[in-house]
Amino acid sequence: MVDVVRHDVVIVGGGGAGLRAAIAVVEADPTASVALVSKVYPMRSHTVSAEGGAAAVARADDSLEMHGYDTVKGSDFLGDQDVIQYFVEEAPKELSQLERWGCPFSRNEDGTVSTRAFGGMTTKRTWYATDKIGFHMLHALFQTSMKYDNIVRLDEHFVTKLLVEDGQCGGVAALDVRTGEMKAILGRSVILCTGGGGKVWPFTTNGNIKTGDGMALAYREGVPLKDMEFVQYHPTGLPGTGILITEATRGEGGYLINSEGERFLTTRDYGVGTKAELGPRDMISRAIMLEVRAGRGIKVPGKVGEYAHLDLRHLGEEIIDSRLPFVRELSRTYANVDPVHEPIPIRPVLHYMMGGVDVDIDGKANLDGLYAAGETACVSLNGANRLGSNSLTECLVFGARAGQHAIAQSKDTSEIAESKLVAQADAEGGRIADLRGKKAGSETISGVRETLNDIMEEGTGVYRDQTRMAKAVTDLAALRARYDAISLSDTSKVFNTEILAMMELRNLLDVAETVATGAVNRKESRGAHACEDFPDRDDENYLHHSLVYREESGTRFDTKPVTLGKWEPVLRSY
Ligand SMILES: Cc1cc2nc3c(=O)[nH]c(=O)nc-3n(C[C@H](O)[C@H](O)[C@H](O)COP(=O)(O)OP(=O)(O)OC[C@H]3O[C@@H](n4cnc5c(N)ncnc54)[C@H](O)[C@@H]3O)c2cc1C
């Protein structure tokens, strides 16, 4: 039988959302015990790579009202306004607290917190720590979590299944990567904080571990995924690798230029108005694609395509070195250009998923005992397009709230038949054991993954149309047969990374299916979902959230109303 461990709350994920949730649980109930399960050592979570900053009102010329409206408008009116209201109110408290926990935000001469401009925000609202906010934020959270003995870490444990009995989630089955043994990690509630799934697409800023695991785990248990068609392309990734060049470069005054050296966001009408480079990400990504289509892209050989240039030269070496040192380092190392002297080649790359596990404002999913927070969740803060720097703050605000509610709720939950949960984990252990060195057909993990990436780039890129989206749905269904025909070669138990890649690929396929299904069902253009055959927003028919369910017979699509409030939908222009 599998090893069994018991805690009050099981948190899957040691990134910004997971660590914040863990601290919230033990602060709310000092007697509670938390299992913090992560497939990598927590400091390697994707949060660590965040560069630009985290948004919260800090300045005298700013207000909660303005942050609220910027977020609503950025979301193309698909964000839930009660969620947005709570978010902007909590944001400054969370960031101030993070500073007390040790996050070294950059400061002005007079000692106040320094904020920088970010796309779609009307004033400087993004708190930063040079261009390494993610590292500092994660570090502050990680060291704070270490104060609590009752946060028990299970590093390098890969969760493969939620344990669900009688309509109640009572834990997870996790593979201990170091030993290859399966564990049943039981808790009265589970919080999924597993981040996004950018690896569904070929060009992405996302680390290799971002394979949408939590979304897929919930989806497979019948929990709907919400607004999955909305995926964010960041305008400035390095062409070959997808490595992010932070929006802070434009916040500090960087320009985008085409092959003719023209600053096209100011000379042509791309809907960003006077905001120019500080327009929202969806619009700027589309502008770059249109420049390339018009023959003004900068060509490179191979699959990488064409791109534009990000020009920082006019900022000068001093500003670049003091505010954007990491950008200089990344450009030199990965693009062989020094931004002090040359423009940086960039292209839109997949960056963030607005959609995720459908949860309410408390982070609760449509399955008792199950919660989600951070990028894996869709609490409906970001709607159809996220504003840069709202995400890290979202991890804090809604990670904390999910933690508080998960522990409060777990007290009055009836005990679930433990033996049944353990039996499920046992069966899961058997399934994984059968995968080791499995001989099936002639397919390979990399082959199927490459086809998946191609299907999604073609069908769910910056620009989409009905024919290509429908083709993505059909092609993905066919790809499942190829997944089943993958043969594996590694039979070892210890650090069998081939098995992990196989399970991650299954998660990617599930997530991709929901993205394509959501996309094909939205016959309008809104936020990041730009349909060439339905170029306008259609509030009459589509001002709703999308839900995709997994059922025995396949996917089922449904909708859910948007929570509106004081801000009526109007045409989104800048
Ligand atoms: C390069 C980059 C820069 C960014 N910059 C900014 C920025 O400046 N400002 C901003 O607001 N946002 C930024 N974002 C977005 C933001 O960083 C992320 O959305 C956010 O950090 C996600 O945090 P998270 O806690 O939800 O997930 P993550 O930090 O991705 O953590 C996920 C955790 O889940 C664990 N996990 C996943 N699957 C499993 C499994 N099967 N079993 C066990 N554990 C599992 C992982 O081990 C990890 O600990 C950036 C994103 C990227 C990619």
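The values are calculated or read from the model by the stated rules, or taken from the named source; none is laboratory data. Predicted, not measured: the structure shown is a model, and the values here were computed from it. FYI the Cβ positions are ideal-geometry reconstructions off the backbone, even for glycines, and counts take in every protein chain you see. SASA here: full protein model, heavy atoms, side chains in, ligands and nucleic acids out. Shrake-Rupley method; radii C 1.70, N 1.55, O 1.52, S 1.80 Å.
Key figures
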item: MRE, 222 nm, helices only [DSSP H, n ≥ 4, -39500 (n - 2.57), over the chain, to nearest 500]; result: -11500 deg cm²/dmol
item: Within the accessible area of the stretch 13-127 (1.4 Å probe), percent carbon and sulfur; result: 50 percent
item: Semi-axis lengths, Å, the stretch 237-349, gyration tensor of Cα atoms, sqrt of 5 times eigenvalues; result: 21, 17, 12
item: Average accessible area per residue (Å²) across the chain - probe 1.4 Å, nucleic acids and ligands excluded; result: 35 Å²
item: log10 of Debye I(q)/I(0), alpha-carbon scatterers only, for the stretch 423-541 at 0.12, 0.15, 0.20 Å⁻¹; result: -0.55, -0.73, -1.01
item: Computed E for residue 28/residue 420 - FRET, C-beta separation, R0 30 angstrom, nearest 0.05; result: 0.55
item: Inter-probe distance in nm under a simple model that places probes 7 Å from Cα toward Cβ, at residue 571 and residue 532; result: 2.4 nm
item: Virtual paramagnetic centre 7 Å along Cα→Cβ of residue 466, amide N under 20 Å, in the stretch 500-516; result: 515-516
item: FRET efficiency, residue 4 to residue 552 (Cβ-Cβ, R0 35 Å, nearest 0.05); result: 0.70
item: Full-stretch length increase - residue 166, residue 442 - with 0.36 nm per residue and alpha-carbon distance subtracted; result: 95.4 nm
item: Spin-label pair residue 150/residue 274, simplified geometry with 7 Å Cα→Cβ offset, distance in nm; result: 5.5 nm
item: Whole-angstrom Cα spans of the chain along principal axes, big to small; result: 67, 56, 49
item: Stretch gain in nm, segment residue 454-residue 314, where the contour uses 0.36 nm per residue and the Cα spacing is subtracted; result: 46.6 nm
item: Residue-count net charge about residue 524 - beta-carbon cut-off 13 Å; Lys, Arg +1, Asp, Glu -1; result: -3
item: Computed FRET value (nearest 0.05) for residue 82 with residue 474, which takes r as the C-beta separation and R₀ as 45 Å; result: 0.75
item: All-pairs alpha carbon distance profile, the stretch 351-488, 10 Å steps from 0, percent; result: 10, 22, 27, 30, 11, 0
